[in-house]
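Chemist: Take a look at this one; I'll ask things after.
The values are calculated or read from the model by the stated rules, or taken from the named source; none is laboratory data. None of the values given here were measured: they were computed from a predicted structure. All Cβ positions, even for glycine, are placed from backbone atoms using ideal geometry, and neighbour counts span all protein chains on display. With ligands, DNA and RNA removed, areas are computed over all heavy atoms of the protein, side chains included. Shrake-Rupley method; radii C 1.70, N 1.55, O 1.52, S 1.80 Å.
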Amino acid sequence: MQKKFIKKTIIFVSFNVFLLFIFSFFDNIDKDNNNNFNILSLQNKSRFDSLDILFIGNSYCYSGIVPSYFDSIGVKTYNLGIATSGPYFYELITNDYLEFTKEKPKSIFILVSPISFSSKADNFFAYHIHRYLQQPTSNIEIFYKYEKSIFDMYKKSIRKASGNLLKFFFTYEEIHYNISLKGYFPYNNNKVSNQKIIQETEDFYLPLKKETFNIHYFEYLKKYAEELSSKNITVVFYELPTNLLNNYFNDKYLYDYNISLKELKNKYIYLSNDLELKNTYFRNIDHMNKYGAEVTTLRMIEKLKDIKDLMYLFKNNN
């Protein structure tokens, strides 16, 4: 009797787990009508083919690089900044872009920042970006490739699937995406960082003081940069101003970060951040506002024009 009960229990549990597994695949059926900026950017990225520059990065990128300034000098760009992106996100979103465009970009600019190699990077649970690629990647694939918690990912998928299938209980974040901005999102245009904003948001950053620089992340990024270079794509690494971010990392972390970056600077074109922007150019602890983005983009263009190996990007400049 006990064996029969155990057997029935195992069958019952297995059947329900299987149903939940199948149910989880409905987590991205909202891709065509979801108003989340990151999802919209992923869905629209391949409309921009034959680029001179594809910018990849995290939210510092999508709020800090203005493609229209490059348009004005005849340089075709797209800002593929996706929230919390680190080396794993970079690989997923860039490969997805390359898969669905006819002509690869001449160059790919890769953002690096202390936060790119921390536990805050590549947050597959908060941002289910692998499920919203044009060629979606399963949770199982992410688990095997990047060793992320499969239980957390499926829990997120099931929750999203429930919302998608029960529209009455589901609401989307009201974000308006302007495709002409080419991935740039000037979040809260006129917002300026102040002490109140810092106090209200710094709980997110305080744990960074205990972080250890993730050398595995760095090695993974180097390997991926080599892979892109082997496809005859010029790889450029760049930094952006991040206001008070470095204050939240310990000295050992920043030392390891800067030592590691020397490897990139020795092998690739590297655009260091040489701007010391005032508080008025930021909207919070680490993100630029519209004014910061404009100043930073113009400065980047000035620097690029002085780099001999990138002169070809400006061939259409009148």
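Chemist: Under a point spin-label approximation (7 Å from Cα along Cα-to-Cβ), what is the ASN190-GLU276 distance to one decimal in nm?
Modeler: A separation of 3.1 nm, rounded to one decimal place.
Chemist: Now, a different point. Once you keep just the Cα pairs under 8 angstrom separated by 6 or more residues, what percentage relative contact order results for the range 259-318? Kindly include the intermediate steps, with their values, before the conclusion.
Modeler: Numbers: 21 pairs, mean separation 11.3, N = 60.
Contact order relative to length: 19 percent.
Chemist: Give me the lysines in straight-line cross-link reach of LYS155: C-alpha distance below 27 Å, same-chain residues under 8 apart excluded.
Modeler: Within reach: LYS7, LYS8, LYS31, LYS120, LYS145, LYS167.
Chemist: DSSP loop chymotrypsin sites (Phe, Trp or Tyr not before Pro) in the range 67-169 with at most 14 other Cβ atoms within 10 Å of their Cβ, which ones? Don't skip to the answer; put the middle values down first.
Modeler: On the way: sites: TYR69, PHE70, TYR78, TYR88, PHE89, TYR90, TYR97, PHE100, PHE109, PHE117, PHE124, PHE125, TYR127, TYR132, PHE143, TYR144, TYR146, PHE151, TYR154, PHE168, PHE169; in loops: PHE100, PHE124, PHE125, TYR127, TYR132.
Sites meeting the loop and neighbour criteria: PHE100, PHE125.
Chemist: Let me ask something else. So if each residue of separation counts as 0.36 nm, and I subtract the Cα-Cα distance between GLU202 and ASP306, what length gain in nm does that give?
Modeler: On the way: separation 104, 0.36 × 104 = 37.44 nm, distance 3.78 nm.
That pair, GLU202 and ASP306, stretches by 33.7 nm at full extension.
Chemist: Mind computing the radius of gyration and Dmax over the alpha-carbon atoms of the range 74-165? Å is fine for both.
Modeler: Rg then Dmax for the range 74-165, in Å: 14.5, 47.
Chemist: Could you give me the ³J(HN,Hα) list for the range 48-53, computed from phi with Karplus coefficients 6.51, -1.76, 1.60 and θ = phi - 60°, whole Hz, x at Gly and Pro?
Modeler: Result, rounded to whole Hz: 10, 9, 6, 7, 7, 9.
Chemist: Let me ask another. Take the alpha carbon atoms of the range 51-70, find their center, do the same for the range 74-88, and report the distance between the two centers in whole angstrom.
Modeler: If you average the Cα positions of each part, the centres end up 6 Å apart.
Chemist: While we're on this one: What residues have an amide H closer than 5 Å to that of MET288, excluding those fewer than 5 places away on the same chain, when H is modeled at 1.01 Å from N in the peptide plane?
Modeler: ARG283
Chemist: Could I ask something else about it? At a 1.4 Å probe radius, carbon and sulfur cover how many percent of the accessible area of the range 258-318?
Modeler: Values: 1680 of 3510 Å².
Carbon-and-sulfur percentage of accessible area, whole number: 48.
Chemist: Calculate the spin-label point distance for LYS262 paired with ILE215, positioning each point 7 Å from the Cα along the beta-carbon direction, and give it in nanometres.
Modeler: 1.4 nm
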